[in-house]
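Okay, so here's the structure we're looking at.
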Amino acid sequence: IKDQIKDHLADNIDVIIKDFNKVDATVKEEGKITGTIVITDKNTGTVVEIPINITIPKLPSSGSGGSSGSSGGSSSSKGDKEEDKKEELEDKKDEVDKNTGSNSSSNSSNQEINFGNQSNNDTFAATRDQNWSYESNGWYHKTNGIYDTGWTTINGMLYYFNADGTMVTGWLNLDGSWYYFEQKEGQWYGIIRTGWLNLNGSWYYLSEKGDNTVGAMQTGWINHNNNWYYCNTDGLMQTGWVNLDGDYYYFDNDGIMKTGWINYHNNWYYCNGDGTMQIGWVKSNNNWYYCNADGIMLKGWIEINGNWYYFNDNGIMQSDCQVDGFKISNTGTIIA
């Protein structure tokens, strides 16, 4: 069972089976297969436990006739037993190895477990318990025999079910907030996503535990791990230069707002502590610089308000020195 499941999981997913027990069926007693499938995401620490609880019907009796008709009856009984066992396994919604529970006379050695249109090769189906069911229009879940609707927590994971009971995947707008439920098939299918989400190369931020509304897509300024990000009204994380209320901010390729000196397309810019791009005079590390109306740091001779100043190749204003035969005062202006 474990190997069948792991074949369809990412490397960060670990699968073990604990408390496994098998009791063979006899003519007088039903058989049992019990245990627990434990699935662990090594990256997040998330653990999902799926119970195994399968009943194997009693073996058919050999009968007393001994005739060819009796033999035919035995064959028919075995066929009925095959169907009964398959139905039992389908009801349990657990994936079992094809040879699990078989003995030299078992009929289950070539059995495949199917959940509606989902075969036992589907990772999501393989990790669902008997309360899950699949129909032509989607997945359903029952709690105490009643189909779930709305927000539902299952094994510590949050899902949302429509009014007709179908599990939601992808984007969903509820009361003006957008939520995203995992759409990629696998064991996390249908689970609400939180934190940073990458869809087709675009990043979104969905509120996490401790935020006001878990899973709600965020817009505007976002502080995450002591870094500032900005997501526009569509929720898209911004990169590069962004104009917000007339001020320019710079966000790197990871979306982090930058401060201090920024080299962009071979030009230098300066953003102060709150991220706003500076123009005009800039003081940094006790040196004076000058940035034009586009925020670009200037070099060489520059006339500012009728006075001439000289900025070296690093953009630092020169003072108390002589440049190109001109004496420069301690304020940086040329001495006549």
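Computed from the coordinates by the stated procedures, all read-outs in this text should not be read as laboratory data. Small disclaimer: the values here were computed from a predicted structure and weren't measured. Every residue, glycine as well, gets a Cβ built from its backbone with ideal geometry; the counts of neighbours run over all protein chains shown.
Worth pointing out:
- Normalised per residue, the volume of the convex hull around the Cα set of segment 132-231 (Å³): 125
- Here, segment 238-336 is characterised by an Rg to Rh ratio of 1.05, where Rg is the alpha-carbon radius of gyration and Rh the Kirkwood radius.
- Residues whose amide H falls under 5 Å from that of Asp148, counting only those 5 or more places apart or on a different chain, are His141, Lys142, Thr143, with hydrogens built in the peptide plane.
- Close amide H partners of Trp171, meaning residues 5 or more places away or on another chain with modelled amide H under 5 Å apart, are Phe181.
- Simple label model, 7 Å out from Cα along Cβ direction - Val27 to Trp241, nm: 9.0
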